[in-house]
Structures are given as structure tokens and as C-alpha cells.
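A short write-up of the structure that comes next.
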Amino acid sequence: MEYLAHTLNLAFIFVILTVSLNLILGYGGMASMAHAAFFCIGGYISAIVTMNLGCNFLIGVLTAIIATAAVGGALSAPFIKVQEEYLILFTIAFQMVVYHLMLSLYNITGGDSGIFGVPAASLFGYTADTPARFLPFMAAFLFIVYYVAFKITKSPFGRVLKGIREDEKAVSSLGKNVIKFKVIIFMVGTGIAAGAGGVFAHYTRFISPTIGSLDQSILIIAMVVLGGTANLGGSALGAFLLIIIPEVLNFLPGASDLIVPLRGFIYGALLIFFMRFRPEGLIPEYFHLRSRKRTLPGARTGKQPADDCLHFSMTSEEKMFNRTGPILEVKNLSKSFGGLRAVDNFFMSLDKGKITALVGPNGCGKTTAFNLVTGFLKPDKGQIHFAGKEITNLPAYKMPHIGIARSWQDIRIFQGMTVMDNLLLARQSQAGESVIRLFIMPWRVRREEEENIKKAFFYLSSMGLAEKGSEIARNLSYAEQKLLAIARLLATEAEILLLDEPSSGVDPNWVKQFMQIIRGLAASGKTICIVEHNLDLVRGVSDTVYFMAEGQKIAQGTAEQLMADPKLGEIYFGV
Amino acid sequence: MGLFLQLLTRGIITGSLYALLGVSWGIIYNTTRTFHFAHGFIYTFASYSILVFTWMSVPLIPSLLLGLFTATLAGCAVEYFAYLPMRKKSASQLSIFLTAMGIMIAGQSLIHLVFGPDSRPLEGFPEHVISLGTVTFTTVDLFTVLLCWIVIVCLFAFLGHTKAGMMIRAVSSNPEKATFIGIDSRRIFVLVFGIGSLLVGIAAFLSTIDKPATPNIGLGALLISFITVFLGGVGRLGGAVLGGIILGIAESLVIMVLPTEYKMMVIFLILFLVVLIKPEGLLGKKIA
């Protein structure tokens, strides 16, 4: 009986570790090689705190969670910022250092013999001094971890994470600070691991470095991969299966010396096999099914005919800007790549409610200018002012928030997400994108989400996509995907919309529809700037055209004026 | 002063080996952007293949050459049979990394299963102590330093002055454009894995004549290889050389002020500070 209870406790601990690593690896898309180290650190913190202060084990565990998450976040942030490989680099190095330190700091950790006599867990006079008596605590902890993980992953926060895994650039163009989201999910995952370490220390009443080795970290990774990344149920399955393997190996005759390498071989082989033939794991991510159910009610209630929606109403934010004249001004903007001056002393001003087009031959710097204005590149020189305020060095993710949003030439919609989720991701300042607010004001998150679904549905119907809300984006036709990209852009409710080659790759009928849409938007007060090669479209919609060549503005005027100039034609067509 | 010089000498010896490890991983990472975790397995594999040939009473030098040859083949095989199919499926960097980790763990465990956990010395290399004033080192150390630098110089000459070398550099600076001028990047990838594995095999040989091999020697070597590359700068092989020397000397000199257990921590601290201040590495090109 006690043996069974012990195995169950052990399995629960591994389920918790696997779920928490899945938050980082599966949902965050980042490899943490130091999960066991964080687990072990949590154990030590809780052991030392409770033994020195004589306090309840819950305080020890909470201290472990908070301290480890804070330290883990602070140390990992500079690495997460650079590139995805850098987190692997950091976590391996961290794992090795922590393991060595735990072995060598005898005074604090007791070296390789560890710390004995960690106080047993007790609550309201109930002391968990046997495995069976500990089981309720373990089950409660597992339940809390599952609840937290479930809540986070199905929230707007989880939606942003999913977006990040698909396309980081697109997510930042929708006003989300990608690094912040990654660091936070890393902190949540490591915090839970540390909590598990604390609980484990109070369960075994003992903590030593052996449970915090790199092998353990790799074992947990194998559990996540086997069960299925970005799937919480899969994590439980993966953990249980890999716990059973060594138990079964124990029954093999004469295998006791070989257990360690045999186990290693099996884990390694499983990793190779699953990544190659079944990367989604035993239980794949059922993201689509769930979001389909969620968006259906909104789709039924808010149904409207598409044509009515081309007249966009002024929102409260837009009223702030109900002024005329230039709203975005670009002065002296320059950017070089190596020796190439991609944008050279560029001036531009966008008038409120007007449509401005940037044209010019390939490689003239249009797209670079675009990336500079939207914060995706930092200019070497020059200023950008928006509604009187300087925004020159603002990072890309802040742009939609102040009212400047862009689209992408290669669409960059989130192919694996539903159409509705694509739009919901574009909504600004959502309470549900903060892990803390998710738990302390769930009602506000829920109310906002309903509101956002309504808004998203409005923009979807304005593009005639009302029926497609629950469709996975990759199943839409190319033309529909382009409309979805526009709907998503509108859903940011930005004041200034910058469209990068909106008509590339679609037929003339689509272009006609698009011209109508874009005129409607300008009439409703949006300020629009397009980079475009299709001169019919440019002529059809633009109030002002800037002609660029070799990084500079060489002419400005109405489309007719510029097209009448034979010199520009020569430059444009290269004759 | 005597202690300082002795430690500095030791640092240069270790640093030379680290530099070689660095370029062996760096040439692969710079060209293919694969976080080649299985490099540690190739290291162990090279060590054990040289050992196996000596056990079959092949003399040391032919054993070395045969061992290096099998290690090179093993490296190419990892690319061709494990990574390439995943690249074809356009798998994410993360999944290729996880595969690499699987190969590392499975391979290392397999060596453990076949040869057992005991340490295996590589004998037959003459070892004498050489004293220069207060500084002492062995013939093995001298040989290590010489061979490391000869190999590194040869590698740079190869990359700079041969057609294959230039093709490698073309692919590492821009894989897509290299394809436009008719370079088959798949073949270059396999080639680069071969070269990297040959180099790490030499490093494995040099450490095995100094310290006996165990099934888990590969992890430490792997760790040094990629820390060196990220420290020195991604995209610049010279950076890996510099990073290797800095790590070697730092790790050796730190003994003057801290107990040896803190060696790893000092390496980590250097890495952390460099990433914090100059994320692209000491000689690296700025990351966009």
C-alpha cells in the first residue's frame, strides 16, 4: 500500500514537472535544459527556509516559487532577448553551474549528502508523515498546477503564445512585446518546478543534488515530447509512461548495472523517433476544437450583412485625433546596411484621413522606409513624429498601441489559428494577456473577451468573412487570407494603417473590392499609407503619391501628375 | 609569480584545446545554424573508436587515422540521416535540437552499454616532463598545443584559399544566395559536418592521451565547444578561437583566488556578462 502511494506521489511530481516544462517548451516554444536544476533549487530553498525559520511548509514552498521564478526570469531575460538558441545555451550552462554549486557549497547544501530532516508537511494538525498521508497534499498541488496551466494556456495570454510560436514578427506588429511574454511563461514554468521541488523536499524529508542533474532535465524533456507539446493531458501520459519504464526494467534479470545506460538509450531513441515521425507526440494539440466551440456563440449573435460595415464608425480613440493636416511626419530619415544607403534623407508626411502611396522601382527603399516608420528597423538618423509626439525609437510592439499598425506583403496571418483568434490577437491592451490579472480579476477578463469577440466579429463581417470565424486560417483561399489580414489590421483599431503591397498575388476583381474597402476606411477618418506596385490601384485610391528612387523621395504629387512625367516612367520601368 | 606563470601555461594548453573544440562546433553552427548537440557524442565516439583500433593491436598512428575517419563518417551520417530529413520537412530549430539531444543521449548510453562505465586510457604516447624555469609541462601538453594550432591554421587556410572553403563561407554568409550561384548547400552541409567531426575527433584524441576516456566525456567537451562559439561571436570562426583561449586562461587563473569547484561558475559568469553587454559575442556581427 505504501509502495503504491509512494509511486503515485512520485508520478504526480513528474506530472507537475512535465506540465510546467510543457508551458515553456510546448506553449512557449523554448527549450529549457535546466528544469531539474530549478526543481532542486526550489527544494533547497523550501528546506532551508522552513528549517531556519521553523515556519509551515507552505511558506517554504511559496518562497521557493517566488524566489526561483524571479531569479530565473532575471537571468534568462538577456538570453531570451537575443535568439532562441541563446536560451538553450543559458539553461545548459545554468544547469551545470547549479549542479556543481549544490555539490560544492557544503555549508548551505550539505554537499552530495544533501540536507536531512526537512520538516514534514502539516496543515491544521494533519501531518503527512507517510506516503499515503501525503497523497492528499500531492493531489491538491497537482490540481492547482493543472488549473493554473489550463487557465493560462486557454486565456488571451495563451493565444499570444500560440501566435508567437507561429510568427514572432507578426505578433509584435500587433502590439505585443514578444520577449515579455516569453520571459513570463519561462518564469511561470520555473516557478512551478521550484514549487514541485519544495513539495518533494517536504515529502521525502530530504533534499540532495542528485535529483537536479542534467539527466533529470533531459528526462523531463523526453516526457513532454513523448506526451505531446502544447497539450496538458499528454504531459500526464508522457510522465506516467516514462516513470513506468525504469520500474519495468527493474524486473529484467541481471540488468541492474545496465539500468542507467539502458534508460538513457530508451529516452534518447524516443526523442529521435518522436521528433522525426510524430513531432506532435502521443496526444496532439487540440487547439482548434476548443476555440471552435468558444467562438460559435459570438458568431451567431452578431451577424450582419457585409456591405453595411464598410462605413466605419469613429471610436473614442479616434476622436482624440479629429484634427486635419499632417498626423505622421517623417524628417531626414536615413538607414544604411553596410555600405548601401537603403533610405537616404527621406521626408514624408501623412495627412489625416488621406491615402498616401509610396511607389518606385524595386530596391528603392520603400519597404525599408516602412520598416523604419513601424519600428521594425532603427533609423541611423532622422525623426518620426506622430500627432506632435516624437516616436523615432519606439519599438515595433508599441506602435499599434499608440495608433500605428502595419500589414505584411507576405500576409503573415497565423495559419494554424482560427480566423477569430487571428483577430482577437490583434486587440490592444487586453487584461487577459497578463498572467496576474487573469487570476485576480477573471470577471474583467471574461467581459473584455466577450467585447473583443463582438468587435472582432464586426471587423470580420466588414470583410465578408463573418461565416469563416471558426475556420482555421490556412483553409481559407488566398484572397480570403488577404482580407483576413486586413480585418486583423483593422482590429487593432489603429489610426494610421500602413499596407505593404496589399494587391500582390491577387486578381483584378479582388483589387476592385480592395479599393472600395480602402476608400471607405479613409472616409471614416483612417490615415492610410500603401507601398504598391499596381499602378491602377495607386491611381484609383491615393490622394498623394511619393516616388522613391535609391532611397530618396524624388517626386511628390497626385498620381496623375507623376504618371504624366516621362522621366519617372523611365526610372520606374528601367528603360 | 611562479604560480601565475605555471597557471598561465596551463591556461594556454587548455585554451588551445578549447579553441579547437570551438572551431569544430563553430564551423558547423555558423554554416548550418544547427544546434548540434550530438557533437558531444561524436567526441566520445572518436575517442572510443581510436581505443578500439588500438585494442585490435593496430599501432597508435594508424589507429588515430582510422578513428578520425570513422568519426568523420559518423558526423556526416548524423547530418545525412537525422538532420537532413528534418530540414526537408522544414522542421523547427527546436525539433532539430531535440533530435540532436536524443542522438547525444542514446549514443552516449550505447557506448556505456557496450564498453561499460570504466575509464579507458589510451596508451603508447611518450610522456615526459619538461621544465622551463619555474614552469613545468609534459610532452603531451606540448604536442597538444602544437597540433591544435597547426590544425586551426590549416582550417583557416582551407576556408580562405580553396574552392570548397569559399563555398562553405558563401553558404554560411547567405545560404539562399549561395544556391543561386549553383552551390548545393546540402552537400556543403554534409561536408561541414565532416570537417567539424574530424576536428572534434582530433580534440578527443588529444584529451584521451592525457586523461582516460569514459562514456560521458562528451558532455563537458560539448559544453565548452558551444560556450566558446557564443562567447567569441556567432558567424566569425576567429571568435571561437579567441573565446577558447579566454575560457582556458580564465578557468586556469581563477584557481589563484577561488577553489576549483568554482571553475564552471566563472565560465558561466563570463558568458553571462558578454551576453548582457555584447549579445553578438566578442567578435560577432551585430544580430538584427
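Here are the numbers for this structure:
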read-out	value
Residue in segment B:261-279 that is nearest to B:GLU251 (Cα to Cα), counting only those that are within 9 Å of chain A (Cβ to nearest Cβ) and touching a residue at least 40 places away in the same chain (Cβ under 8 Å)	B:ILE267
From B:ILE188, B:ILE202, B:ILE183, B:ILE195, residue being within 23 Å of B:ALA77 (Cα to Cα) and in a loop (DSSP other than H, G, I, E, B)	B:ILE183
Qualifying residue in segment B:108-119 (condition: more than 13 Å from every other protein chain (Cβ to nearest Cβ), surrounded by fewer than 20 Cβ atoms within 10 Å (Cβ to Cβ), touching a Pro at 6+ places or on another chain (Cβ under 9 Å) and not acidic (Asp, Glu))	yes
Qualifying residue in segment B:31-43 (condition: touching a residue at least 60 places away in the same chain (Cβ under 8 Å), touching a Phe, Trp or Tyr at 6+ places or on another chain (Cβ under 7 Å) and facing another protein chain (nearest Cβ under 9 Å))	yes
Enumerated strands (runs of 3 or more DSSP E) restricted to segment A:348-436, each holding at least 2 residues that are polar (S, T, N, Q) and modelled with pLDDT of 90 or more	none
Enumeration of residues in segment A:482-511 that are among the small types (Gly, Ala, Ser) and in a helix (DSSP H, G or I)	A:ALA485, A:ALA487, A:ALA491
Some residue of segment A:1-21 being acidic (Asp, Glu) and out of contact with any helix residue (DSSP H, G or I) (no Cβ under 6 Å at 6 or more places or on another chain)	no
Segment B:266-286, residues that are outside any helix (DSSP H, G or I), more than 15 Å from B:ALA240 (Cβ to Cβ) and either touching a Gly at 6+ places or on another chain (Cβ under 9 Å) or among the charged types (D, E, K, R) (or both)	B:LYS278, B:LYS286
Helices (runs of 4 or more DSSP H) within segment A:7-109 that include 1 or more residues within 11 Å of chain B (Cβ to nearest Cβ) and of a type in the set (Ser, Thr, Tyr)	A:57-82, A:84-104, A:106-109
Subset of segment A:243-264 that is among the aliphatic types (A, V, I, L, M), at pLDDT below 85 and part of a helix (DSSP H, G or I) - its residue that is nearest to the chain's Cα centre (by Cα)	A:ILE243
Any hit, segment A:363-380, residues being basic (Lys, Arg) and closer than 29 Å to A:THR558 by Cβ	yes
Residues (within 17 Å of A:GLY42 (Cα to Cα), outside any helix (DSSP H, G or I) and out of contact with any Asp or Glu (no Cβ under 7 Å at 6 or more places or on another chain)) located in segment A:110-124	A:GLY110, A:GLY114, A:ILE115, A:PHE116, A:GLY117, A:VAL118, A:PRO119, A:ALA121
Residue ID - farthest from B:GLY26 (Cα to Cα), chosen from residues in segment B:134-156 that are touching a Leu at 6+ places or on another chain (Cβ under 8 Å) and not in a helix (DSSP H, G or I)	B:THR134
Pair list, Cβ < 6 Å and 6+ apart or interchain, from segment A:89-110 residues that are in contact (Cβ under 8 Å) with a residue 12 or more places away in the chain to residues that are not in a helix (DSSP H, G or I)	A:THR91/A:SER32; A:THR91/A:MET33; A:THR91/A:ALA34; A:ILE92/A:MET33; A:PHE94/A:ALA34; A:GLN95/A:MET33; A:GLN95/A:ALA34; A:TYR99/A:SER213
Residue match in segment A:215-226 (condition: more than 14 Å from chain B (Cβ to nearest Cβ) and either surrounded by fewer than 17 Cβ atoms within 10 Å (Cβ to Cβ) or modelled with pLDDT of 85 or more (or both))	no
Scan of segment B:87-107 for residues that are more than 8 Å from chain A (Cβ to nearest Cβ) and under 18 Å from the mean Cα position of the chain (by Cα), ordered by number	B:ALA100
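Residues checked against (1) farther than 30 Å from A:GLY191 by Cα; (2) buried (at least 19 other Cβ atoms within 10 Å of the Cβ); (3) in contact with a His (Cβ under 9 Å, 6 or more places away or on another chain); (4) without any contact (Cβ under 8 Å) to a residue 12 or more places away in the chain:
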{"position": "A:ALA387", "(1), (2), (3), (4)": "yes, no, no, no"}
{"position": "A:ALA405", "(1), (2), (3), (4)": "yes, yes, no, no"}
{"position": "A:MET417", "(1), (2), (3), (4)": "no, yes, yes, no"}
{"position": "A:LEU423", "(1), (2), (3), (4)": "yes, yes, no, no"}
{"position": "A:ARG427", "(1), (2), (3), (4)": "no, yes, no, no"}
{"position": "A:SER434", "(1), (2), (3), (4)": "no, no, no, no"}
{"position": "A:PHE439", "(1), (2), (3), (4)": "no, no, no, no"}
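The values are calculated or read from the model by the stated rules, or taken from the named source; none is laboratory data. All values reported here derive from a predicted model rather than from experimental measurement. Here Cβ is always computed from backbone atoms with ideal geometry, including for glycine, and neighbour counts include all displayed protein chains.
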